[in-house]
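Chemist: My structure is below; once you've seen it, I'll send some questions.
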Amino acid sequence: MGITALQNGVKVLGFRAYLFRRAVSALLVLFVIISFNFAVFRLMPGDPSSLIIDPRFTPEAIALLRQQFGLDDPPFVQYVKYIKNLVTFDLGQSFTSRRPVIDELKERLPNTITLFLTSFTFTALLGIAVGVFAAARRGSFAETLVTGAGLFTYAVPTFFFQLLLLLLFGYYVPIFPIHGTISAPPPEGTWAQLLDRLHHLVLPAGSNVIIGFGSWALYTRNAMLEALSQDYIITARAKGLSERAVLYHHALRSVLPPIVTLVFLSLPGLVTGAVITETIFSWHGVGRYLVDAVLQQDYPAAQGAFYLIAIAVIVSNFLADLVYGLVDPRIRVAGENA
Amino acid sequence: MNQSITQLGTPPARRATRTRTGLLSGLVAFWAQFRRRPYGMVGLIILILYAIMALAAPWLTPYKPDEMYLADRLAAPVWARYLPRFKGAPPTLRYTIGPGQWDLTRHENASLTRATDQERGELTVVQLSPVLPGEAPATAELSFPVHYPHNPPNTFDAKITYAVEAPVDAQTTLSYSIIDPQGTEYTVWDTTVYGSSDWNTATIDSRDFQVKMKLGLSFFDDPATTVFATKGDYRLVLRVSSTAASGPVRVRLAGLQANILGLLHGLLGTDHVGSDLWTQLVYGARISLIIGILAAIAAVAIGTVIGLISGYLGGKIDEFFMRVADVFLSVPTLPILIILSAFLGKHIGNIVLLVAAFSWMTTARVVRSQTLSLKQRAFVEAARAAGAGNTYIMLTHLLPNVFPLVVANTVLMMPVAILYEAALSFLGLGDPRIPTWGRMLQNARAFGAFTELAWWWLVPPGLAITLLTLSFTLIGNAVNEVLNPRYRERT
Amino acid sequence: MAFFEVKELTMYYRTLRGQVKAVDGVSFAIEKGKALGIAGESGCGKSSMATTLLRLLPNNGQIMGGQVLMDGQSLLDMPEEQFRRRIRWKRISMIFQGAMNALNPVHRVGHQIMEAILTHEDVSPTEARRRAEDLLNMVGINPKRFDDFPHEFSGGMKQRVVIAMALACNPDLVIADEPTTALDVIVQAQVLKAIDDLRQRLGLSMIMITHDLSVIAQMCDDVAIMYAGRIVEHGSAVDVYSQPLHPYTAGLVRAFPNIAAGRSTIRSIPGSPPNLIDPPTGCRFHPRCPLADGRCRAEEPAFQVVAGRHAVACHKADVLAGGVDIWQQRQLA
């Protein structure tokens, strides 16, 4: 997987050089994506201006806007302007709402981040905890739990599980709200609002966690078992360390680099998953904005949302590289192969 | 010339390069190993069941996936009648009442005969004698018993096709009523024909405002609940009467269609337009399997080609391809699929292309790394020494060796493709003409399965997806274990 | 009473194929400050015994019986927690085979030594660090390398770190399990010298487990020969090597090429070590022994003291006492 690629890349370079190389790579990817974005939108059949200017405007208005948007400029000039706009986050105006896309995104971004961070943090924590537990006690219950959860994660499509949960806890036993990030109208008072938001967060985040923790647990458990079979664990026990110290200080600690990397490597996947989660739970976030924009053919909005998502993914990939480099001391010290 | 190169290139005493017979014995050996893995076998069995379902679709269900109004919207499955919520719910009842099925319960100066019409089949003919002015009109009352032991339905409808042959001064009235077990008569339709009339079809739907008015109900009331309030024996009554002095009146009736759309239907109920859900499920298997297989093969084919070229030729080409792969890997897959599918249009072929375009990378990497290690081997060197060209070497020597890996990857790629298609359909970006499980889920969500608590709409397609991907995963893992004992990658 | 005594120690592994009788009634004793070498082929149970003494058995290992006494205190029936705190590493420590794997790659070496100290003694981290640095110095490693990671050291140096770690809590007894097997000859000599120096200086008792007789000859006062989970001969190194009384010992001694002697063919003991799940009846060595007879096949020989501390378990000990080279016929071409 990505980890081997990282290890190969890293073994030859020192840390700083490694980081630099990864940064360049990230920028390159970003560049390719936005260029691709540009090309796709301009190469579509039909009048490309309909992608930027709402075709329902009068012809005079369209002509004016064409000039304003520089649609009559040669492609290269358009491209430069496009890049400039992206860098300054001038993402145009939504067709449906007539508001600047960047404003709409700013509104929705915190919600997405909240959902995302909560899901991700709890999935990782729960998964790792269960994995360590299962590795420490080789009893049958822990093993079945982990294997079962892992299989569950793999087999059941997230959105199906979320639909089921929504049906169950939103409709059948209506203890959770069925849509939105916050009630409309929102309750009075900061505490009440906070609680209300939490109430809305439970189903979306909870469903992600339940579906997701299995593969974490499985991976952690396998890694832990492998670590626990190493000789240095016998040394640690021989040194008279308590079982706890052996488990956490030695086994878990040496398993941490690949797990941490996994944490960051799975971020892009979670971004993708957020799109579906937001749609199902009608979460006021960037993912749902993307889907709605695409369905309504609101191209500036779709482009803007995609741009944001792409940045998020690239950044998280880069973070993964960074953190892996930090956490594995063999790379930090820029030493020879271990 | 070819033969000598092959001989040179064949590594000594290893079955690495497959000849024709080698392939067959290889398959046999593979199957022997695969059989021993219980999980793989379970997966295979499930897959075979799905394949049967896909192939035998037309025999597994009498309906077509887009046939509408087979029952009421969001009807529950037939077996739901054992659940407390649906006890006594009505199934769909359809009657086509032709000659011989009507009871002539009243007749004054009227009689019934039959006729046959080329277009409209068997006709019931009501013969009404002329009456003198001032006398009571000639009347025929045709009655058809309906035993209705269920809860009230939500709608009922009827279609009456009639033609009148009468003298100019005739005034013929037809009316259609439903008489409930208590004897209350509900007239839901009537019409008066002056003189003759050509074939006419009257469609009566209980949701129509005219019906509600006729029954004296408001716009918000439900005629069906009013009419079919009790359980028992009902009668559908068609009255034909006429006043004609100068001659007889003949009213010809084609088969009268009376339907009560049930709230129970089929194995899995109906969707929002009354289409059978079991049919959609069964036909959906075809799409999912085809998409899965095609997209996976496409993705792996691309990946293999790139992996081979990249690994074997090395250098700048390798760098280039790996960079491209890096870029593709860094792109968030679902968002880009969303955007691209919106632009390419909601066509099923696009989904296959898109999924393949963004899934080839892992295969490419894996094939490349194996190619790199194979490159060093003696038989490759020998082939080159004998003057074989690059393409030849890649096709004849490297590809067969890489093949087990490719196969394993293909099988493991299929659930990915299926899930992507399901996700895209679910978000509303799929092909609306093609019944897929993702589309079923989307419809369920958009058209009220939640509010109506119609879990039978939601669970089967989702479960179908789950089991199918599970089966592929099981098979893929088993295949991987058998073919590549050392390539068991963790995560 | 000896400082460290092992009496009839028996430990089996439970496996799917049956019980592996790895340590079957082993007894020996060590005086304070002395070194005992335990020699034998691979698979004879030496390492199993080492882990048993520290009670570090894997899940399927079970102590079936016997006693281990240190200064008269019984160690086997001590509660686990007490053993861990008071004995493990504090009074008995171990130098592991294959130091490359014995050290945790993500922790610094100095820290790993410090950890041992801090677990058993109530000292401040600064004090523990100082002591760890002293230990590194003692084994010939620059204390400035305290913060380095294991992968930055060579094989021999890593082994020395392991030695330093073993001495961290000033134990009374050190068990060295094949400490030099993975090292080349020159480094081996250095490491052995280091161990020997330390032992003399600190007055440590030592159990040296190895298959290399020359190492034992160099470092140990006494030697015990182990075969198929049992001790077949023990005594002072000088006695046992100059006058082996057990056919196996004789074979081992003979099998060692002597660089000073004239050219001769290399002799090895034919056959291979027995299956410990189902060991041979009677004397376990009888299938490979040129002197084996009916009694050997039926009856297990008991330990007999021949002279002073020299004892052997063999029915045919008198044959070898007479100085016959029984392995002469068994030469490989």
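The values are calculated or read from the model by the stated rules, or taken from the named source; none is laboratory data. Nothing here was measured: the structure is a model prediction, and the numbers come from that model. Glycine gets a Cβ as well: all are built from the backbone with ideal geometry, and neighbour counts include every protein chain shown. In case anyone asks, the SASA skips ligands and DNA or RNA and just uses the protein heavy atoms, side chains included. Shrake-Rupley method; radii C 1.70, N 1.55, O 1.52, S 1.80 Å.
Chemist: Taking the alpha-carbon set of the protein assembly as shown, what are its Rg and Dmax in Å?
Modeler: 42.9, 153
Chemist: Here is a follow-up. Summed for both chains, how many Å² of accessible area, to the nearest 100, are buried between A and B with a 1.4 Å probe? Don't jump to the answer; show the numbers that get you there.
Modeler: Working: alone 19030 and 24480 Å², together 39510 Å².
Summing both sides, the interface buries roughly 4000 Å².
Chemist: Once the dipole of chain B is set up with Lys and Arg at +1 and Asp and Glu at -1 on Cβ about the Cα centre, which of B:ASN259, B:ASN401, B:HIS150 lies farthest towards its positive end?
Modeler: Toward the positive end, the furthest listed residue is B:ASN401.
Chemist: Run through all the Cα pairs of chain B and give the fraction in each 20 Å bin from 0, expressed as whole percent.
Modeler: In order of increasing distance, the bins hold 19, 34, 23, 16, 8, 1 percent.
Chemist: Output the residues of the range A:25-41 meeting this criterion: accessible area (heavy atoms, 1.4 Å probe) in the chain alone minus accessible area with all protein chains in place is 10 Å² or greater.
Modeler: Hits at the 10 Å² cut-off: A:SER25, A:LEU28, A:VAL29, A:VAL32, A:ILE33, A:PHE36, A:VAL40, A:PHE41.
Chemist: Leaving out ligands, DNA and RNA, calculate the buried accessible area for the pair A and C with a 1.4 Å probe, summed over both sides, in Å² to the nearest 100.
Modeler: Numbers: alone 19030 and 15620 Å², together 32580 Å².
Between A and C, the summed buried area is about 2100 Å².
Chemist: Net charge near C:CYS169, counting Lys/Arg +1 and Asp/Glu -1 over other residues with Cβ under 14 Å of its Cβ?
Modeler: Result for the local shell: +2.
Chemist: With a 1.4 Å probe and every protein chain left in place, tell me how much accessible area C:ARG297 has, in Å² to the nearest 10.
Modeler: About 120 Å², rounded to the nearest 10.
Chemist: Oh, and also: Before I look further, what does chain B give for accessible area per residue, probe 1.4 Å, in whole square angstrom?
Modeler: Working: 22470 Å² over 491 residues.
Each residue of chain B exposes 46 Å² on average to a 1.4 Å probe.
Chemist: Taking only protein heavy atoms into account and a 1.4 Å probe, give the accessible area per residue of the range A:2-337 in Å².
Modeler: 47
Chemist: Can you compute the FRET efficiency between B:ILE290 and C:SER42 using 1/(1 + (r/R0)^6), with r the Cβ-Cβ distance and R0 = 45 Å? Round to the nearest 0.05. Display every interim value, and only then the final one.
Modeler: Working: r = 59 Å, r/R0 = 1.31.
That gives a FRET efficiency of 0.15.
Chemist: With θ set to phi - 60°, apply the Karplus curve 6.51 cos²θ - 1.76 cosθ + 1.60 along the range A:245-250 and write out the HN-Hα couplings as whole Hz, x wherever there is a Gly or Pro.
Modeler: So the J values, rounded to whole Hz, are 4, 4, 5, 7, 6, 9.
Chemist: While we're here: Using alpha carbons only, how many degrees (0 to 90, rounded to 10) separate the axis of helix B:20-35 from the longest principal axis of chain B?
Modeler: 70
Chemist: Apply the a/c threshold of 1.5 to the C-alpha gyration tensor of the range B:101-246 and tell me whether it is rounded, prolate or oblate.
Modeler: Numbers: a/c = 1.81, a/b = 1.73, b/c = 1.05.
Prolate is the answer for the range B:101-246, as a/c is 1.5 or above and a/b outweighs b/c.
Chemist: What shape does chain A take by its C-alpha gyration tensor, where a ≥ b ≥ c are the square roots of the eigenvalues and a/c under 1.5 counts as rounded, a/b above b/c as prolate, and the rest as oblate?
Modeler: Verdict is oblate for chain A.
Chemist: Work through the residues other than B:PHE426 whose Cβ is under 11 Å from its Cβ and net out their charges, Lys, Arg +1 and Asp, Glu -1.
Modeler: +1
Chemist: Still on this structure: Can you give the angle from 0 to 90° between the axis of helix C:125-138 and the longest principal axis of chain C, with both taken from C-alpha atoms, to the nearest 10?
Modeler: So the helix axis and the longest Cα principal axis differ by about 50 degrees.
Chemist: When N is the residue count of the range C:2-220, what does its C-alpha Rg come to as a fraction of 2.2 N^0.38 Å?
Modeler: So the Cα radius of gyration is 1.01 times the expected 2.2 N^0.38 Å.
Chemist: Moving on. What is the dipole size for the protein assembly as shown, taken about its Cα centre, with +1 at each Lys and Arg Cβ and -1 at each Asp and Glu Cβ, in debye to the nearest 20?
Modeler: So the magnitude is around 3540 debye.
Chemist: Note the angle between two axes, namely the Cα long axis of helix C:185-202 and the longest principal axis of the Cα atoms of chain C, as a number of degrees from 0 to 90, rounded to the nearest 10.
Modeler: The helix C:185-202 is inclined about 70 degrees to chain C.
Chemist: Using 0.36 nm times the number of residues separating A:SER183 and A:SER282, minus their current alpha carbon distance, what extension gain do you get?
Modeler: 34.5 nm
Chemist: Using the Kirkwood formula on the Cα atoms of the range C:147-303, what hydrodynamic radius do you get, in angstrom to one decimal?
Modeler: For the range C:147-303, inverting the mean 1/r across all distinct Cα pairs yields 18.1 Å.
Chemist: If you don't mind, there's one more thing I want to ask. Using the alpha-carbon centroid of each, what span in Å lies between the range B:175-229 and the range A:208-276?
Modeler: Cα centroid to Cα centroid, the span is 72 Å.
Chemist: Ok, one more. What helices in chain A pass both tests, a Cα length along the helix axis of 27 Å or more and a mean Kyte hydropathy of -0.5 or higher, using whole DSSP H runs?
Modeler: The qualifying helices are A:15-43, A:101-136, A:190-228, A:299-327.
Chemist: Given the -39500 (n - 2.57) contribution per DSSP H run of 4+ residues, what per-residue ellipticity at 222 nm results for the protein assembly as shown, rounded to the nearest 500 deg cm²/dmol?
Modeler: -15500 deg cm²/dmol
Chemist: Running a GNM on chain A with Cα contacts under 10 Å, which residue among A:GLU188, A:GLU104, A:GLU278 ends up with the highest mean-square fluctuation?
Modeler: A:GLU188
Chemist: Right, here's the next one. Magnitude of the Cβ-charge dipole of chain A, K/R +1 and D/E -1, about the Cα centre, nearest 20 debye?
Modeler: 1060
Chemist: Going by Cα centres, the range C:49-86 and the range B:298-344 are how many Å apart?
Modeler: 59
Chemist: Do any residues of the range C:94-109 show a loss of at least 40 square angstrom of accessible area between the isolated chain and the full protein assembly, using a 1.4 Å probe, and if so which?
Modeler: C:PHE96, C:ASN101, C:ASN104, C:PRO105, C:VAL106, C:HIS107
Chemist: Quick check: at a probe of 1.4 Å, how many percent of the accessible area of the protein assembly as shown sits on carbon and sulfur atoms?
Modeler: That share works out to 59 percent.
Chemist: Of the cross-linked pairs C:LYS34/C:LYS193; C:LYS46/C:LYS158; C:LYS46/C:LYS193; C:LYS7/C:LYS46; B:LYS87/B:LYS159; C:LYS21/C:LYS46, which ones have a Cα-Cα span greater than 18 Å in the structure shown?
Modeler: Over 18 Å Cα-Cα: C:LYS46/C:LYS158; C:LYS46/C:LYS193; B:LYS87/B:LYS159.
Chemist: So how much accessible area does C:CYS169 have, in Å² to the nearest 10, using a 1.4 Å probe?
Modeler: 10
Chemist: Would you be so kind as to list the residues of the range A:292-311 that have their accessible area lowered by at least 40 Å² in the full protein complex compared with their chain by itself (1.4 Å probe)?
Modeler: Correct list: A:VAL294, A:LEU295, A:PHE306.
Chemist: Once you have a ≥ b ≥ c as the square roots of the Cα gyration tensor eigenvalues for the range C:39-86, tell me rounded if a/c is under 1.5, and otherwise prolate or oblate according to whether a/b is larger than b/c.
Modeler: prolate
Chemist: Can you give the accessible area of C:ILE175, probe radius 1.4 Å, in Å² rounded to 10?
Modeler: About 0 Å², ignoring ligands and nucleic acids.
Chemist: Enter the accessible area per residue of the range C:2-220 (Å², integer; probe 1.4 Å; all protein chains in place).
Modeler: Accessible surface, normalised per residue, equals 39 Å².
Chemist: Within a Cβ distance under 12 Å of C:LEU245, other residues only, what is the Lys/Arg minus Asp/Glu net charge?
Modeler: Net charge around C:LEU245: -2.
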